Amino acid sequence: MGRPIQWRTVLFIPCRPSLWQGLVLPGEMALWLLVAILVLVSAYQHTQVLPRRSEATPLLPPQAKDDADAIIDAAFSSDIVYERIACMTDTFGPRFSGSDALENALDWTREEMEKDGLSVVEEYVMVPSWVRGREFARLLSPRVKELHMVGLGMSVGTPGKKSLVAKAIVVSSFQELDQRASDVQGKIVVYNVNFDQGYSNTVKYRTLGATRAEKYGAVAALVHSMTPYGLQTPHTGATRTTGIPSAAISVEDSRMLARMQARGQEIVIELYMEAHMLPDKPSRNLIVEIKGAEKPDEVVVFGGHMDSWDIADGAMDDAGGAFVSWEVVRLIHQLKLRPHRTLRAVLFVNEENGAKGAEQYYLNHKHESKLTSIAIESDEGTFTPLGISFQGSTAARSILEQIGKAFLAGIGSGNVSGQSIGTDISPMCDAGVPCGSLVTLDPRVGSLSNNPCKTFSNPPYPDVNFGTSGYFWYHHTQSDTVDKLSPRQLQHCAATLAVWTYSIANLDFLLPRS
Ligand SMILES: [Zn+2]
């Protein structure tokens, strides 16, 4: 993650560094001067003429503060997001791509959106249909024990629909696998990888572990669950399909196997998986929006995903993100606010095992890339919001910091931090759209100041490492249930996302790009 930029009264003016660099001004004067400079930089970058404004004009009119306060009040006065997530997850359960449950949940969501007075657009998309079937892993030596396992999504099953029995070799990295390559043939490779390095540094063992092990003649791969902490709960997730089966095992079982190997004990495991693919099936993204009053063709896009893993209710990942996005549109509609630009919530499908919803959305809206001011994803939890992480130009980041400071600092969620970009918006980010993610922290992992697992807080703009936040305790497990969420946190997330998106949609200009 990039180092967060702090609000300072020291200005750095790109055109005349020698003259201006390091000039220290009183705070208020610096603020107005920076605002004026950002507007000019933005105008230059877009080679478009912006409305004339004096140097003392703020980014948004005084009414914007009243609107933001009204949005916050409305968000904190309704439990509807929590109630809807509870109802959907209790009623339909896991919403895996290709399942009837996902399609039924999408139908129900659409009906509820229409009850809100919103008109819903469905965008059809073909999604993969992977079937888990029955599965187990059993330790046979040095003792007989059922291992806590879950097959990885898109894996093949064990050959001939029979169990395989093989000796296991435990490694802690790909480097160690390479070093011990001659010892891998005919064995099950166990990746006992410590999650302290965070999700982005360890998830490669889940996605590529089987492929790399197969290269050296392994018959299967097992991976330490992608979590910092376990209660014998295995975490699934997508893997790259290869010729050998792959599954996750619990933290406890993975570490036990490593201890056994260190003692020189022979490890023998029996693995059985029926996993297989069926032909792709039709599904759809759901889109609701508030048309812009002045620039309806320019959009602020935000969203989360409706699908979950087959073993998970997916309350946190990602009904929370999807329904908070929907709630933004419901709130703006209820308050009869009309932003300058279009506000669009996208509830994607198939984020978990293919990202076909994101791909289809991008294909359908490619022509809007230059007209999209920002894309914001909420797929890293909907706990206590701190702000957004952002990937884009320094000028845009400064504008976001001003919005956060002016409208959201009062509820603690006006920070702008590093670069954490979600799967569903990544095609837009790759096309140059400024991108953000809702940043939240589960208080169960402790406060920012005493959480030993946090990365590099640089107050007052903390970078939160999601690899160690509470999110990954439940991620892709059967424990991702609605009780992990709280009505209050969901209200807070909705208020935060609504104020960011509404304010950005009301700027006189699109966010400046690099
Ligand atoms: Zn997700």
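Looking across the range 496-514, the residues that are part of a helix (DSSP H, G or I) and not hydroxyl-bearing (Ser, Thr, Tyr) come down to Leu497, Ala498, Val499, Trp500, Ile504, Ala505. Is it the case that some residue within the range 335-347 is within 16 Å of the ligand (Cβ to nearest atom), under 20 Å from Thr496 (Cβ atoms) and of a type outside the set (Gly, Ala, Ser)? Checked against the condition, which is being within 16 Å of the ligand (Cβ to nearest atom), under 20 Å from Thr496 (Cβ atoms) and of a type outside the set (Gly, Ala, Ser), the range 335-347 yields at least one hit.
Within the range 69-107, the set of residues being farther than 30 Å from Ile403 by Cα, surrounded by 14 or more Cβ atoms within 10 Å (Cβ to Cβ) and hydrophobic (A, V, I, L, M, F, W, C) comprises Ala86, Met88, Phe92, Phe96, Ala101, Leu102, Ala105, Leu106.
Can you pull out the residues in the range 401-423 that are under 20 Å from the mean Cα position of the chain (by Cα), surrounded by fewer than 24 Cβ atoms within 10 Å (Cβ to Cβ) and away from the ligand (no atom under 16 Å from the Cβ)?
Gly418, Gln419
Among the residues making up the range 298-329, none is assigned to a loop (DSSP other than H, G, I, E, B), away from the ligand (no atom under 13 Å from the Cβ) and open to solvent by less than 10 Å² (accessible area, probe 1.4 Å). When the range 174-207 is filtered for residues that are within 12 Å of Ala258 (Cβ to Cβ), surrounded by fewer than 21 Cβ atoms within 10 Å (Cβ to Cβ) and at pLDDT 95 or above, only Glu176 remains.
Being on the phi > 0 side of the Ramachandran plot and open to solvent by 10 Å² or more (accessible area, probe 1.4 Å): is that true of Ala355 here?
Values: on the phi > 0 side of the Ramachandran plot: yes; open to solvent by 10 Å² or more (accessible area, probe 1.4 Å): yes.
Yes; evaluated as a whole, the condition is true for this residue.
Summed over the range 365-398, residues that are modelled with pLDDT of 95 or more, open to solvent by less than 10 Å² (accessible area, probe 1.4 Å) and of a type in the set (A, V, I, L, M) total 4. Filter the range 115-145 down to the residues that are of a type in the set (Asp, Glu) and over 19 Å from Thr233 (Cα atoms) and list them by number. Listed by number, the residues that qualify are Asp116, Glu122, Glu123. Of all the criteria given as (1) open to solvent by less than 10 Å² (accessible area, probe 1.4 Å); (2) modelled with pLDDT of 95 or more; (3) outside any helix (DSSP H, G or I), the one not satisfied by Ala210 is (3).
Annotation note: Cβ proximity below 8 Å between a residue of the range 156-182 that is assigned to a strand (DSSP E or B) and a residue that is open to solvent by 60 Å² or more (accessible area, probe 1.4 Å) (sequence gap 6+ or interchain) occurs for Val165/Leu140; Lys167/Glu266; Ile169/Arg180; Ile169/Asp183; Val171/Arg180.
Just a yes or no: is a residue in the range 99-111 within 23 Å of the chain's Cα centre (by Cα), under 17 Å from Val346 (Cα atoms) and outside any helix (DSSP H, G or I)?
no
Figure legend. Inter-residue proximity from the range 293-322: first residues among the basic types (Lys, Arg), second residues open to solvent by 10 Å² or more (accessible area, probe 1.4 Å) and more than 10 Å from the ligand (Cβ to nearest atom), beta-carbon distance below 7 Å, spacing 6+ or different chains. Indicated pairs: Lys295/His340. Cβ-Cβ contacts under 8 Å between residues 6 or more apart (or on different chains), taken from a first residue in the range 339-364 that is among the aliphatic types (A, V, I, L, M) and at pLDDT below 95 to a second residue that is within 14 Å of the ligand (Cβ to nearest atom) and in a helix (DSSP H, G or I), are absent. Lys336 meets all of the listed conditions (1) outside any helix (DSSP H, G or I); (2) buried (at least 24 other Cβ atoms within 10 Å of the Cβ) but one, namely (2). Taken over the range 147-173, the criterion of being more than 26 Å from the chain's Cα centre (by Cα), over 12 Å from Ala218 (Cβ atoms) and open to solvent by 20 Å² or more (accessible area, probe 1.4 Å) is satisfied by His148, Val156, Pro159, Gly160, Lys161, Lys162, Ser163, Val165, Ser172. The condition (being modelled with pLDDT under 50 and under 14 Å from Phe383 (Cβ atoms)) is satisfied by just one residue among Thr468, Thr455, Thr440: Thr468.
Tallying residues that are surrounded by fewer than 20 Cβ atoms within 10 Å (Cβ to Cβ), over 29 Å from Phe348 (Cβ atoms) and not charged (D, E, K, R) within the range 112-138 yields 1. Screening the range 348-380 for residues that are touching a Leu at 6+ places or on another chain (Cβ under 8 Å) and within 16 Å of the ligand (Cβ to nearest atom) and picking the one that is nearest to Arg397 (Cα to Cα) gives Ile376.
For Gly292, the conditions (1) in contact with a Lys or Arg (Cβ under 7 Å, 6 or more places away or on another chain); (2) in a loop (DSSP other than H, G, I, E, B); (3) within 16 Å of the ligand (Cβ to nearest atom) are fulfilled apart from (3). Filtering Arg284, Arg263 for residues that are surrounded by fewer than 20 Cβ atoms within 10 Å (Cβ to Cβ) and not small (Gly, Ala, Ser) leaves a single hit, Arg263.
The values are calculated or read from the model by the stated rules, or taken from the named source; none is laboratory data. Here the structure is a predicted model, which is why all the values come from computation and not from measurement. Note: ideal-geometry Cβ built from the backbone for every residue, glycine included; neighbour counts use all protein chains shown. All accessible areas refer to the heavy atoms of the entire protein, side chains included, with ligands and DNA or RNA removed. Shrake-Rupley method; radii C 1.70, N 1.55, O 1.52, S 1.80 Å.
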